[in-house]
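Notes follow the structure.
Derivation of every value follows stated rules applied to the coordinates shown; laboratory data play no part. For clarity, every value in this text was computed on a predicted model and none was experimentally measured. Note that we place each Cβ from the backbone using ideal geometry, even for glycine, and neighbour counts take in every protein chain shown.
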Amino acid sequence: MRVHLATDHAGMELSAHLLSHLTRAGHDVVDHGPVSYDPEDDYPGFCISAAEAVVTDRAAGVEALGIVLGGSGNGEQIAANKVHGVRAALAWNLETARLARQHNDANVVAVGGRQHSVEAATEIIEAFLAEPFSGAERHSRRIAQIGRFEETGSVA
């Protein structure tokens with residue numbers, strides 16, 4: 001699977017670990033930056049780039065998911081969710097990571113690098129990447145409603 005990865009300064013250590021760990025696990029990891037530590041960097045560009053790449057890959061039939069990292073993961077999730085077609089979920093434990101995929105078919109996960117040890121964050125991300133969408137009718141229906149709103153501004 002192709003995995004698009006982005007962070008800000010607060011997630012640099014976790015990002016470097018994930019790049020190596022996920023590549024060793026057989027994933028095609030694309031790093032959207034940053035390439036060096038800058039405590040004043042701005043995460044939106046990095047996260048939006050990763051999110052856009054997920055959407056582009058999936059539209060081309062490439063199996064792809066995204067990971068956005070920051071201190072809390074909140075801003076990074078918000079930035080990724082501004083990309084048309086992205087469903088980014090903030091995951092803070094194994095269950096929220098799995099449910100994001102099972103119920104919401106989330107295609108990007110946000111994790112707070114300052115909220116977890118590297119080991120715990122890695123487990124959360126692995127759970128997200130491994131979990132399939134359930135395909136249950138009620139979940140598909142709800143995702144379709146979100147998509148309609150994204151297109152038309154109306155849920156009905």
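Brief remarks on what is shown
- Kirkwood Rh in Å, taken over the range 86-156 so that all alpha-carbon pairs contribute: 12.8 Å
- Calculated FRET value between D42 and H84, using beta carbons and R₀ = 22 Å, to 0.05: 0.55
- Label of the coordinate-derived value, percent of Cα pairs over 24 Å apart, listed as [x] 39; [y] 45; [z] 26: [z]
- Viscosity 1.002 mPa s, 20 °C: Kirkwood-radius Stokes-Einstein D of the range 45-127 over Cα pairs, µm²/s: 173 µm²/s
- Label zone at M1, where the point sits 7 Å out along the Cα-to-Cβ direction: the range 76-105 residues whose backbone N lies under 17 Å: 86-105
- Other residues within the sphere of radius under 9 Å centred on the Cβ of F46, judged by their own Cβ, net out at -4 (K and R +1, D and E -1).
- Net length gained if the chain between Q115 and T152 were fully extended (0.36 nm per residue, minus Cα distance): 9.7 nm
- In plain terms, the chain from E126 to E95 could stretch by 10.0 nm, reckoned as 0.36 nm per residue minus the Cα-Cα distance.
- Counting charges near H17 (Lys, Arg +1; Asp, Glu -1) among other residues having Cβ under 15 Å from its Cβ returns a value of -3.
- Neighbours of G73, meaning other residues whose beta-carbon lies under 11 angstrom from its beta-carbon, give a summed charge of -1 when Lys and Arg score +1 and Asp and Glu score -1.
- Once both labels are positioned 7 Å from their Cα atoms along Cα-to-Cβ, the gap between S134 and H103 label points is 0.8 nm.
- Residue among G85, G33, G135 with the largest mean-square fluctuation in a Gaussian network model of the chain, springs linking Cα atoms under 10 Å: G135
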